[in-house]
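Before any comments, here is the structure.
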2 protein chains.
Amino acid sequence: MQILNNKTDAQQQLRALKQQGKRIAFVPTMGNLHEGHLTLVHQAKQQADIVVVSIYVNPLQFGPNEDYSAYPRTLEKDSQQLTNEGVDFLFLPTNETIYPRGKEHHTTVKVIDSLTNKLCGASRPGHFTGVTTVVNILFNIIQPNVAIFGKKDFQQLMVIRRMTEDLSLPIEIVGGDIMREKNGLAMSSRNGYLSSTEKDKAAHLRAIIIATQKQIEAGDTNFSGLIRHAKQQLENDGFKVDYFSIVRTDDLEPAIKNDKQLLIAAAAWLGKPRLIDNQEVFLK
Amino acid sequence: MQILNNKTDAQQQLRALKQQGKRIAFVPTMGNLHEGHLTLVHQAKQQADIVVVSIYVNPLQFGPNEDYSAYPRTLEKDSQQLTNEGVDFLFLPTNETIYPRGKEHHTTVKVIDSLTNKLCGASRPGHFTGVTTVVNILFNIIQPNVAIFGKKDFQQLMVIRRMTEDLSLPIEIVGGDIMREKNGLAMSSRNGYLSSTEKDKAAHLRAIIIATQKQIEAGDTNFSGLIRHAKQQLENDGFKVDYFSIVRTDDLEPAIKNDKQLLIAAAAWLGKPRLIDNQEVFLK
């Protein structure tokens with residue numbers, strides 16, 4: 001695996017490969033890699049000749065009271081895992097590479113509010129603009145044919161898809177499946193903040209989402225009732241609920257009767273970390 | 001000259017040429033072409049193997065009270081001129097190609113306020129975001145190696161340069177020289193709104209800018225005095241002044257003593273149209 005430490009290196013090496021007709025897949029990450037990320041890398045390998053992974057903890061997508069400084073940085077272990085997976089290039093930009101004039105003095109790429117101000121966006125103002133801005137920059141440097149984003153961050157996947165379509169970027173966006181711990185908890189770098197007791201409890205988030213899914217599949221369309229019930233259960237289990245929503249997958253608007261493609265999405269704090277999870281539900 | 005009517009056509013044709021190692025220069029326009037545009041095309045031809053011109057009147061960069069609907073559309077004449085100049089491709093996107101969900105429901109690309117809220121940006125809120133958004137989309141479709149923007153719209157050139165740098169787009173931005181009528185008036189599609197009497201008077205804008213330049217080059221650093229005097233002269237000549245500014249070329253902040261790279265920039269209405277012009281001043 002070759003390390004790309006700066007933009008010029010990355011552009012030169014990858015341009016040469018593209019000139020040779022190689023197809024490039026890109027997996028942007030913030031590092032602290034786990035099975036979830038490695039699954040995205042697997043998918044990337046199936047999609048292309050060359051796999052590029054980036055590790056960059058993007059300051060622009062963290063709020064002032066969020067965990068930017070505390071975000072776990074485990075480069076050596078990450079790098080080993082990616083080498084083992086047969087990744088071709090690891091791009092490690094610095095803040096100076098991405099935001100040479102400082103993140104406050106930087107061009108932004110912003111998807112419409114109706115996609116970004118709800119669900120995770122409601123409690124994280126500016127978060128998705130931070131995400132789309134950095135992803136746009138990374139796309140312009142790497143110029144991949146295809147990029148993989150995990151479905152755990154379903155809204156993020158949708159927002160990036162929308163940016164890519166709206167700006168006519170010639171990049172295919174692929175959603176990667178959610179990887180889970182044995183108890184069902186969605187894998188996340190932030191799970192590292194959980195004690196082992198909390199980790200057991202954290203699995204209830206998944207269980208409550210699945211129970212809601214089963215109710216919907218059984219024909220229950222009283223979505224507000226289902227949401228109220230799920231929130232109550234989460235609170236009883238010691239979660240502080242950020243949101244528990246049943247929305248349409250295409251525009252993330254609240255689902256109504258007769259909608260067929262739904263997403264149950266939830267975010268809740270358990271102790272220190274804010275956990276998120278979701279489940280697509282397809283009705284006939 | 002080949003007409004590219006849609007995105008897929010444009011992408012396929014131009015990608016094939018890039019694969020062959022051809023260097024592509026791009027000149028985005030809003031049509032109603034005059035000598036100024038053709039000079040940009042000349043510069044483009046010197047820079048690359050293939051020249052692509054686009055004609056698209058971008059609704060996103062017009063304010064609600066501006067001349068979007070009235071903006072002159074002269075495709076047949078434009079097309080003939082570009083053929084005569086030996087342009088290779090003319091890209092003619094529709095609103096549906098650029099803003100398939102409508103311009104209100106679209107991802108935006110926004111350069112920082114300190115570059116976009118002054119000079120022309122002060123009286124045209126949202127204008128430069130409209131420009132950077134459409135240019136970003138056109139760049140992503142055409143994927144040129146180099147793009148040419150006229151220096152008449154000096155702030156636009158700077159804003160596009162900044163966007164390109166900030167987003168790490170691998171595109172060289174070249175400024176094209178201002179073409180002028182015999183009387184000194186900068187060529188502009190909007191000159192067509194002027195009567196012949198107004199056209200004579202319009203040349204005073206240039207004359208007053210040049211007089212100011214001479215004063216500065218002679219050592220006058222009382223910029224606010226020079227500005228006041230120039231505005232007064234313009235008003236005496238029947239202009240309604242939008243701005244007359246002496247700024248630094250690098251950040252468009254008001255120039256102060258000892259600044260060496262200056263821009264005199266002005267915008268003023270004469271009858272119906274709002275005319276703009278500028279002059280760089282380099283001091284030793």
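The values are calculated or read from the model by the stated rules, or taken from the named source; none is laboratory data. Computed from a predicted model, the values in this text were never measured in an experiment. Quick reminder, even Gly has a Cβ in these numbers, built from the backbone with ideal geometry, and neighbours come from all protein chains shown. Each accessible area value is taken on the protein alone, full model and side chains, heavy atoms only, with ligands, DNA and RNA left out. Shrake-Rupley method; radii C 1.70, N 1.55, O 1.52, S 1.80 Å.
Summing charges over neighbours of residue B:66, with a neighbour being any other residue whose Cβ is under 10 Å away from its Cβ, gives +1 when K and R count +1 and D and E count -1.
Two numbers describe the Cα atoms of chain A: Rg and Dmax, which are 19.2, 58 Å. Please label the shape of the range B:95-169 as rounded, prolate or oblate, based on the square roots a ≥ b ≥ c of the eigenvalues of the alpha-carbon gyration tensor (a/c under 1.5 means rounded; beyond that, a/b larger than b/c means prolate, else oblate). In terms of gyration-tensor shape, oblate. Over chain B, Cα pairs under 8 Å with separation of 6+ residues give a relative contact order of 17 percent.
Secondary structure note: in chain B, about 50% of the DSSP beta bridges are antiparallel. Per residue, the accessible area of the protein assembly as shown comes to 43 Å² when a 1.4 Å probe rolls over the protein heavy atoms. Distances between copies at residue B:83, taken between label points 7 Å from Cα along the C-beta direction, are 6.2 nm in increasing order. When you filter the trypsin sites (Lys or Arg not before Pro) in the range B:5-62 for DSSP loop state and at most 16 other Cβ atoms inside 10 Å of their Cβ, you are left with B:22, B:23. Once the Cα atoms are used to define both axes, helix B:196-217 deviates from the longest principal axis of chain B by about 70 degrees. Helix B:75-84 and the longest principal axis of the C-alpha atoms of chain B enclose an angle of approximately 80°. What FRET efficiency would be calculated for the residue pair residue A:199, residue B:103, taking the C-beta separation as r and a Förster radius of 45 Å, to the nearest 0.05? E between residue A:199 and residue B:103, to the nearest 0.05, is 0.45. Helical runs assigned H by DSSP (4 residues or longer) give chain B a calculated mean residue ellipticity at 222 nm of -12000 deg cm²/dmol, each run adding -39500 (n - 2.57) before division by the residue total. Within 10 Å of the Cβ of each residue in A:161-168, the mean number of Cβ atoms contributed by other protein chains is 6. Taking every alpha-carbon pair under 8 Å whose residues sit at least 6 apart, the range A:189-279 reaches a relative contact order of 32 percent. If you sort the three axes of the alpha carbon gyration tensor as a ≥ b ≥ c, you get a/c of 1.5 or more for the range A:1-101 and a/b no higher than b/c, which makes it oblate.
Charge dipole of the range A:189-279 (Cα centre as origin; +1 on each Lys and Arg Cβ, -1 on each Asp and Glu Cβ, all else neutral): 240 debye, rounded to the nearest 20. The fraction of accessible area contributed by carbon and sulfur in the protein assembly as shown is 47 percent, rounded to a whole number (1.4 Å probe; ligands and nucleic acids excluded). Which angle between 0 and 90 degrees, to the nearest 10, do you get for helix A:223-236 versus the longest principal axis of chain A when only C-alpha atoms count? Rounded to the nearest ten degrees, it is 80.
Computed over all pairs of different Cα atoms, the Kirkwood value for the hydrodynamic radius of the range A:137-186 is 11.9 Å. The residue among B:163, B:210, B:239 whose Cα reaches farthest toward the positive pole of the charge dipole of the range B:147-284, with charges on the beta-carbon of Lys, Arg, Asp and Glu, is B:239.
In a simple Cβ point-charge model (Lys, Arg +1; Asp, Glu -1; nothing else charged), the range B:2-176 has a dipole of about 280 debye relative to its Cα centre.
Distance from the Cα centroid of the range A:208-248 to that of the range A:3-56 is 37 Å (rounded to whole angstrom).
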